[in-house]
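The values are calculated or read from the model by the stated rules, or taken from the named source; none is laboratory data. Note that the structure is a prediction, hence the values are computed from the model and not measured. Methodologically, a virtual Cβ is constructed for each residue, glycine included, from the backbone with ideal geometry; neighbour enumeration extends over all protein chains shown. Note: accessible area is taken over every heavy atom of the protein model, side chains too, but ligands, DNA and RNA are not part of it. Shrake-Rupley method; radii C 1.70, N 1.55, O 1.52, S 1.80 Å.
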Amino acid sequence: MELSRRYFIAAGAGLAASGAARAQDVARKVLRLETRTIEVDGKPASRYGVFQPDGTWGLVLNEGDRFAVRLENRLAVPSGLHWHGLNPPWRQDGVPFLSGPPVAAGGFADYDFPALPTGTRWMHSHMGLQEQELLAAPLIVREKSAIASGLQEVVAMFEDFSWRTPAQIFEELRKPKPMAAMPPMAAMPATGAPHMDLNDVTYDAFLANDRTLADPAVFDVERGAEVRLRLINGAASTNFWIDLGALEGTLIAVDGNPVQPVRGRLFPLAIAQRADIVVRIPADGAALPVLARGEGLARQAGIVLRPRGAAVARIPAMAERATPALGLVEEIALRAVQPLATRPVDQSVPVDLTGAMTGYAWGMTVRGLQALPVTVDKGQRVELVMRNTTMMAHPMHLHGHSFQVTGVNDQRFPGAVRDTVLVPPMTTVRVAFDADNPGLWAYHCHNLYHMAAGMFATVAYRGFT
Ligand SMILES: [Cu+2]
């Protein structure tokens, strides 16, 4: 295929790790997929991770940089990374079997493209259920404005943790269940009030930067100074509320893309979404927790901002009360700073999110057909009309493009530019994007188990692949 020449990518199928020795020869950052041990509730847990050779977690670039990376797979299994929120040429998107082959155990792959769009992105494995094994890390492209502001930046990624293997979790989910215990994926109970299912996996812990609240990551900050939080929901299947406690913050970007500022203490953060929030550290000098509280749960994780000399109080892993469900009240109020250009929609594509009553079978239909891609022509303005026919919320992610949220049910508005939007139960969400990045792109629910159970589709450019 001509593309493989045009875009320099060496998928390291069968190549030995001796390729690593040459990494110094090219001006590339090296990212390694490794096995490491973290501590959860005082017990060691062996999990995957993404580190630079000097131990740095993930990657921070500056606006204008190229994403010039060699990815070394030091795991014993085929793997890879998807650069979530960046819009690379499709062969470099890191989705095994769709954008290219997986990276073989001991092999490597090279990537080189402009690191765009800027902002808070992240990286994670798109291979099987590896994301649940914590194969994810922050990927930040610092905006010129952020660099010029001189604000201290604190990156926090929140994840869900289980002592069970992801395969065990998935097997348990897929087991046939008695009718009474079956989640009513598309049912209305006799009361008439819709029953919502918030979480179908029960986790043992939530993590912030790999740590529980028993031993949280603590960041030193200056009294009275502003700090820019770059918060990432890297969980496999948990939506969070970001809780700033007594502190009010200003939301300035979602999914890395600037929004008109929104003040608040509580912000929804669905699976795979990001939020940039600026907080001012009070002059009184108290330490400030930034919590991620599981949707519908009391369980929480968090980091602590500590002014010089402040004591850090123990924060319980379980709050007194469970949080409510995430909704779209905040989403509807968001306004993009850089919206899509005004132009008519060339095609509007109905996409239904579906769940079967029996078994754990999730799906999505395009124009009413399972497994049909969203076919687009380069240059089109495309609208996706996502109708959730199920009783669970689905964080829907489109690869390779940034979209603008343009409507919820009957309401139209020029909303945020994102790459992942939450579609709550029995709700229709509209997004629009410009078909400007030819390829064959993943388009799916970012709940790992929903995706694995079939809620996965593609966007295909006509005449391209
Ligand atoms: Cu889903």
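Expressed to the nearest 5 percent, the antiparallel share of DSSP beta bridges inside the chain is 75 percent.
A straight chain from T37 to S348 at 0.36 nm per residue would run longer than the Cα-Cα distance by 107.2 nm. Over the chain, the fraction of Cα-Cα pairs per 10 Å bin, rounded to whole percents and listed from the shortest bin up, is 4, 21, 32, 28, 13, 2, 0.
Measuring nothing but how far apart in sequence close Cα pairs (under 8 Å, 6+ apart) lie, relative to its length, the chain scores a relative contact order of 14 percent.
For K144, the aspartates and glutamates whose Cα falls under 18 Å of its own Cα, not counting residues fewer than eight places away in the same chain, are E63, D65, E153, E226, D255, D276. Separation of the range 106-158 and the range 254-291 by C-alpha centroid, Å? With the range 106-158 and the range 254-291 each reduced to a Cα centre, they are spaced 18 Å. Quick one: pull the percent of accessible area on the chain belonging to carbon and sulfur, 1.4 Å probe, ligands and nucleic acids left out. That share works out to 55 percent. Projecting label points 7 angstrom from Cα along Cα→Cβ for R314 and D377 puts them 6.6 nm apart. Helical content alone sets the calculated 222 nm signal of the chain at -1500 deg cm²/dmol, taking -39,500 (n - 2.57) per DSSP H segment of four or more residues and averaging over every residue. Please state the shape class of the range 291-368: rounded when a/c is under 1.5, otherwise prolate if a/b exceeds b/c and oblate if not, all from the C-alpha gyration tensor. Oblate is the answer for the range 291-368, as a/c is 1.5 or above yet b/c matches or exceeds a/b. Residues whose amide H lies under 5 Å from that of G119, counting only those 5 or more places away or on a different chain, are V141, R142, E143; hydrogens are built 1.01 Å from N in the peptide plane.
Computed 3J(HN,Hα) for the range 276-293, one whole-Hz value per residue from the Karplus formula 6.51 cos²θ - 1.76 cosθ + 1.60 where θ = phi - 60°, is 9, 10, 9, 10, 9, 5, x, 6, 6, x, 6, 6, 10, x, 10, 9, 10, 9, glycine and proline marked x.
The residues of the chain have, on average, 40 Å² of accessible surface per residue, using a 1.4 Å probe with all protein chains present. Using R0 = 35 Å, the C-beta based FRET efficiency linking R223 and W163 works out to 0.30. Rounded if a/c is under 1.5, else prolate if a/b is larger than b/c, else oblate: which is the range 368-438, with a ≥ b ≥ c the root eigenvalues of its Cα gyration tensor? Oblate.
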